[in-house]
Amino acid sequence: MVNPVPGSADYTAPDGAARRVRLTIPTELAGLRLDQALARLLPDHSRSRLAKLIAEGHVLVDGAAGKGPARMRSGEALEVTLVPRPEEESFRAEALDLPLVFEDDDVMVVDKPAGLVVHPGSGNWAGTMLNALLHHAPQVKHLPRAGIVHRLDKETSGLLVVAKTEAAQNDLVRQLQARTVKRTYLAIARGKVPDQGTVDQPIGRHPVNRTRMAIVASGKPAVTHFRVKERLPHHTLVQCELETGRTHQIRVHLASLGHPLEGDPEYGGRGPRRLPRQALHAWKLAFRHPRTQETVSFESPVPADFQALLEALRSE
């Protein structure tokens, strides 16, 4: 709630548009710089945001573009256009392709293609799976994260379950916490991976590169079970089962064994890339249906790019 100097503001906020605020410089703010006066008049907005609005020409002083260092005079009229920040516009419905493999009144199961971001975030404020969900099932706007209970990396393909009701979301979250949701992935790793095993190593933010994850003592528990599905001349097709769902979990755990995923230079898969993304596919998904409590299971066909890489690697 904006709390400007008394008698100084008038607001107009058309639906779906930028808000326009009209202000008058009161006597007690005369002599302050424009940026200083705005910070006093619009205390709910950060100084950096107000400075950006001034720099981009969204602040008029008596009808002319204002300059931050300009000194204000009593009675000057300001007009500020509060352009929505990207994060303020991110939860909007968009008519995007949403490849559903199952839907009823409680849940949706999505077969996410590689390249689709699941949830809006830095640098990806639109065109996400969440935006598509809001268009397909508008009621999910009332749920936390629009019903999304687990995620896949942008360049990982495969299955996700999304809740359509609060009861379903709570039930699915409890299942994830109890580690009863079965998630099986296919991964193409470099080198000769051991026949089978378990990686039980905590994962947290990399201590230096904060955009990456790493095995760190202070991280959250993370458990990945793996077994070889097919041996290739210089690679291994690995089947991975998740007990936990940490960010980049399979990528970090397999890299820790010295077997980074093909197409994943971020975690050690250096050299020529045979795939323009990490070779990771969320292949199978099983959970208890929140309403019936019966186990339901789904399988996603191996994507064309993943299959083409497999065939190329087999022939080496």
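Please treat every number below as a calculation from the coordinates, not as lab data. Since we're looking at a predicted model, the values are computed, not measured. Methodologically, a virtual Cβ is constructed for each residue, glycine included, from the backbone with ideal geometry; neighbour enumeration extends over all protein chains shown.
Between Lys284, Lys220, Lys112, the GNM of the chain built on Cα springs shorter than 10 angstrom shows Lys220 fluctuating the most. In the elastic network of the chain, a GNM with C-alpha springs shorter than 10 Å, the most mobile of Pro221, Pro290, Pro69 is Pro69. With each run of n ≥ 4 DSSP H residues scored as -39500 (n - 2.57), what mean residue ellipticity at 222 nm is computed for the chain after dividing by its residue count and rounding to the nearest 500 deg cm²/dmol? The helix-only estimate for the chain comes to -5500 deg cm²/dmol at 222 nm.
Where both bridge residues fall in the chain, DSSP classifies roughly 95% of the beta bridges as antiparallel. Estimated from the Cβ-Cβ distance and a Förster radius of 35 angstrom, the FRET efficiency linking Arg174 and Glu230 is about 0.50. You can think of it this way: the chain between Thr27 and His142 has 36.9 nm of extra reach, that is 0.36 nm per residue less the Cα-Cα gap. Among [x] 32, 58, 10; [y] 27, 41, 25, 6, 0; [z] 29, 55, 16, 0, which is the computed P(r) over Cα pairs in 20 Å bins from 0, in percent? Only one listed value fits the structure, namely [y].
Label positions at Arg49 and Ser74, each projected 7 Å from the Cα along the C-beta direction, are separated by 3.1 nm. Listed cross-link partners Lys141/Lys284; Lys141/Lys220; Lys192/Lys229; Lys154/Lys192; Lys182/Lys220 are compared with a 21 Å cut-off, the Cα-Cα value being larger for Lys141/Lys284; Lys141/Lys220; Lys154/Lys192.
Here each label is just a point 7 Å from Cα along the line to Cβ, and for Glu241 and Gln293 those points are 2.4 nm apart. Subtracting the Cα-Cα distance of Ala18 and Ala286 from 0.36 nm times their residue separation leaves 92.1 nm of extension gain. Considering all C-alpha pairs of region 166-315, those separated by over 29 Å amount to 21%. Straight Cα distances below 14 angstrom link Lys52 to the aspartates and glutamates Asp35, with same-chain residues fewer than 8 positions distant left out.
The modelled label-to-label distance for the pair Lys182/Ser218, using points 7 Å beyond Cα in the direction of Cβ, is 3.8 nm. Output the direction-averaged projected area (hull surface divided by four) of the convex hull of the alpha-carbon atoms of region 89-178, in nm². Mean orientational projected area (region 89-178, Cα hull): 5.5 nm².
Structure remark: mean-square fluctuation, Gaussian network model of the chain, C-alpha springs under 10 Å; the largest value among Val162, Val228, Val21 belongs to Val21.
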